[in-house]
Protein chains: 2
Amino acid sequence: MRLVIVGGSDAGISAGLRAREVDQDVRITVLVADDYPNFSICGLPYFLSGEVADWRSLAHRTRQEIAAHGIHLRLNTPARRLDVARRVVVTDHDELAYDRLVVATGAEPSRPPIAGIELRGVHVLRSMADAFAVQTLLLEREPRSALIVGAGYIGCEMADAFRLRGLKVTVVEQAGTVLPGFDAEIGRLAQSELERHGVHVVVDTAVRTIGRGRRGLSVETSAGTPVQAELVLVVVGVRPNTALAADAGAATGERGALRVSRELGTNLPNVWAAGDCVETWHRQLERPTYLPLGTTAHKQGRAAGENAVGGHRQVAGTLGTQVLKVFELAVAGTGLRDHGAREAGFDPLTMQALIPDHKRYYPGAHALTVRVTGDRRTGRLLGAQIGGHRQGEVAKRIDTYATALHHGLSVDAMSDLDLSYTPPFAAPWDPVQAAAQVWTASAGRDRPRIMEPA
Amino acid sequence: MRLVIVGGSDAGISAGLRAREVDQDVRITVLVADDYPNFSICGLPYFLSGEVADWRSLAHRTRQEIAAHGIHLRLNTPARRLDVARRVVVTDHDELAYDRLVVATGAEPSRPPIAGIELRGVHVLRSMADAFAVQTLLLEREPRSALIVGAGYIGCEMADAFRLRGLKVTVVEQAGTVLPGFDAEIGRLAQSELERHGVHVVVDTAVRTIGRGRRGLSVETSAGTPVQAELVLVVVGVRPNTALAADAGAATGERGALRVSRELGTNLPNVWAAGDCVETWHRQLERPTYLPLGTTAHKQGRAAGENAVGGHRQVAGTLGTQVLKVFELAVAGTGLRDHGAREAGFDPLTMQALIPDHKRYYPGAHALTVRVTGDRRTGRLLGAQIGGHRQGEVAKRIDTYATALHHGLSVDAMSDLDLSYTPPFAAPWDPVQAAAQVWTASAGRDRPRIMEPA
């Protein structure tokens, strides 16, 4: 059997490796559009910051490691057309026949209709080529200032990265707070952290045009006075790369992403799809959404690879769990926020508590801002967000909520969990439980309660 | 209604606070045997290390904070006798009438039958009085050497504490490895960390007698040459403090602890009991055990307080989740280990993996030793242990396993969890998932698989 995979990033390589695990005989070919198979897109900010000295270390695996699993990589070979009737993928050079196909064509950076976005010095950041272009500019022209359009997680990470390199940095965000994927209270934590490290943050502001400036570029915004910058980075999200499959008749859905079943099957015969080009099943909403994340791409790729060679693994579904580091701050979230929960028919309430990550008497305690969202009607946990010091185990604390959400736990039952405690790392009621207890009391699902101090 | 609580530590105070939450009118009196209500026993090593400068900060709450909730504290008032027929608790001064009683008399340190254990300079560590006695010795006699009998978690924490104060430290453990509550592989990590910090560790060795030595004490062990030390600390576990209730007819069970229902009721009318003096319901074994931990004491106290004033809250049960810090190492575990699982009728397999806490390309990655125990027959997750750098989010990673265990998740389904990822904090498959995948492959519950690199 011939398995062809189009796309050599997280989903594509995961599919290939998983197919190999469950089928030692299948012939696996991966078409990689560029020269960089299995590179960590999430690692690009740390390469550009200088923290990762050698870009090669951004590869999850080397070509040799992938080849050692009997996976044939064809580099610099974009798939141009898909003929599902004849079961071939057309490249610039040849036609590649398949029995089973996995489409993992990823996403491309959104390019908003800003006049001047095509000017030299204006960059996006998604691929290794994008990263090399920015790196070349940094090394050759030694810019002293950068303007970042978009304060989502990549925008914040790149502000951190550029500051580490000593640039003057301005971030412009259209929404009212940075990190619009989080509640404003968490966004403001991130904004303070950016500002504490010298980043100029402008919210509620649209970028109108980019023109040539005194030294580099001049960016006009809805806020008035143009901002001068020698480098402009536009990071305002991504859109799914669907042309190959869609042109062959694949159905699309949420945000234009390829429509897939929970087994990652498309409507095309013998064609599965996974990663940032497809819809994501949302475990809580019980419907497809578009939430392109590396973790999800790995899970989808793994399932698609298994299913393409005969398996029937369903994805359990996303909760939209994410975490990012902004300087010394960690920000993490999982599940639904108020507006999404309301749209889905829940009766959400979000409560916030400020809780030390460990017993205050032990040195080095950091205050965590913990927000818990629950359904007033049923008491069910709907989501959580945490912001706090990067050494406050924020990332893995959100995982406790994510694991509870996975099982549909109630907010009250968070207190039943037997979580670990020692004074240097936690309190007898972990902050995730103490915050749940604040919610429970406030939601009237319990009598007024006494806050557990740390 | 008059609620009397005997015991002013974690369980007793939790019971009082919870009773107050659900009943604004109940009259609550807590009998505290000493002068230190609601002190953090787990904090004693950090007081003795000097990291906590003021012992007062070890109190979870001040007397005033407790009193502000309408809880009457009677300090230095041990309960001497319980008369359940007359519903009174007898103290040295008076009789205290109750309608409902919560017994939270805690545990006392085990004193093994070692000749010389009563000598000056030999200490145990459980209460504030114990801590003050050790502190006084440290300040007044300025010992230069300490020998610790027992390398459980307090023994390890105290080795850390004494080294911080500059003492020469020897730890003697009867079992084959330090931290006998963990697998030997994890115990050896702790031993290396102790040794790396200059602690002399002697395992497989029993302490026979303690006598007067050249300078201080001379400790004879089964290993031969006596060890000289100016301070000996005996920390070999605790036993439940049950005399008060048992003398009044309370049934006892596991390790002599008070037998309680899952609602924390005893066999005595109107008497509940909680904390280190009672049995603990084990969620996986579905039977009572004796596992005295602060987290459990809080949960039990909370339920006992609620139930004593009319509630019917059942404890969800312990998983034995714990974590400790030994110098720069964090060690954590939850659930069953092989021998316990086998005794319970499971067919356990434990697999170990060495996995970086976050993507290797991002600076500061630490290798985590992750051990996953699962049931070969059903694929069910049974337990997990992690050892690694204290900044590797070890504590809260064990919580993900604990939350999964709470729900009876399979090892394979760990990979379904939507956990958080960013290169500075994790990998697209979190170490807890990567280790689960190693188990799954090894248990033959899956075809051979390819390890996800970080």
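The values are calculated or read from the model by the stated rules, or taken from the named source; none is laboratory data. All of these numbers come straight from a predicted model, not from anything done at the bench. Quick reminder, even Gly has a Cβ in these numbers, built from the backbone with ideal geometry, and neighbours come from all protein chains shown. Surface accessibility is based on the protein's heavy atoms, side chains included, excluding ligands, DNA and RNA. Shrake-Rupley method; radii C 1.70, N 1.55, O 1.52, S 1.80 Å.
A few notes on this one:
- Looking across segment B:378-396, the residues that are out of contact with any Lys or Arg (no Cβ under 7 Å at 6 or more places or on another chain), crowded, with 24+ Cβ neighbours inside 10 Å and either facing chain A (nearest Cβ under 9 Å) or at pLDDT below 95 (or both) come down to B:Val394, B:Ala395.
- Residue in segment A:345-363 that is open to solvent by less than 30 Å² (accessible area, probe 1.4 Å), touching a Phe, Trp or Tyr at 6+ places or on another chain (Cβ under 7 Å) and within 22 Å of A:Gln191 (Cβ to Cβ) present: no
- Per the conditions (1) farther than 24 Å from A:Ala250 by Cα; (2) within 28 Å of the chain's Cα centre (by Cα); (3) open to solvent by 20 Å² or more (accessible area, probe 1.4 Å), the sole criterion not satisfied by A:Arg80 is (1).
- For A:Asn38, the conditions (1) more than 9 Å from every other protein chain (Cβ to nearest Cβ); (2) over 30 Å from A:Gly166 (Cβ atoms); (3) surrounded by fewer than 22 Cβ atoms within 10 Å (Cβ to Cβ); (4) not hydrophobic (A, V, I, L, M, F, W, C) all hold with the exception of (3).
- Residues that are more than 25 Å from A:Asp338 (Cα to Cα), touching a helix residue (DSSP H, G or I) at 6+ places or on another chain (Cβ under 6 Å) and at pLDDT 95 or above are absent from segment A:277-296.
- Which numbered condition A:Arg61 fails, given (1) farther than 11 Å from A:Met128 by Cα; (2) open to solvent by 30 Å² or more (accessible area, probe 1.4 Å); (3) outside any strand (DSSP E or B); (4) of a type outside the set (A, V, I, L, M): (2)
- From A:Thr91, A:Thr136, residue being farther than 25 Å from A:Ala304 by Cα, among the β-branched types (Val, Ile, Thr) and surrounded by fewer than 22 Cβ atoms within 10 Å (Cβ to Cβ): A:Thr136
- Among the residues listed as B:Ala332, B:Ala304, the single one being more than 10 Å from chain A (Cβ to nearest Cβ), open to solvent by less than 10 Å² (accessible area, probe 1.4 Å) and either of a type in the set (A, V, I, L, M) or touching a residue at least 60 places away in the same chain (Cβ under 8 Å) (or both): B:Ala304
- Candidates in segment B:10-25 are the residues that are crowded, with 24+ Cβ neighbours inside 10 Å and over 17 Å from B:Ala67 (Cβ atoms); of these, the one that is nearest to the other protein chains (Cβ to nearest Cβ) is B:Asp10.
- A:Thr369 vs. criteria at the interface with another protein chain (Cβ under 10 Å from one of its Cβ atoms) and open to solvent by less than 40 Å² (accessible area, probe 1.4 Å): no
- Among residues of segment B:415-434 that are more than 7 Å from chain A (Cβ to nearest Cβ) and touching a residue at least 40 places away in the same chain (Cβ under 8 Å), those with a Cβ under 6 angstrom from a residue that is surrounded by fewer than 24 Cβ atoms within 10 Å (Cβ to Cβ) and in a loop (DSSP other than H, G, I, E, B), sequence gap 6+ or separate chain, pair up as B:Ala427/B:Ala454; B:Ala434/B:Glu452.
- Any hit, segment A:408-429, residues being open to solvent by less than 10 Å² (accessible area, probe 1.4 Å), farther than 20 Å from B:Gly320 by Cα and not small (Gly, Ala, Ser): yes
- The set of residues in segment A:337-382 that are among the polar types (S, T, N, Q) and in a strand (DSSP E or B) comprises A:Thr350, A:Gln352, A:Thr369, A:Thr373.
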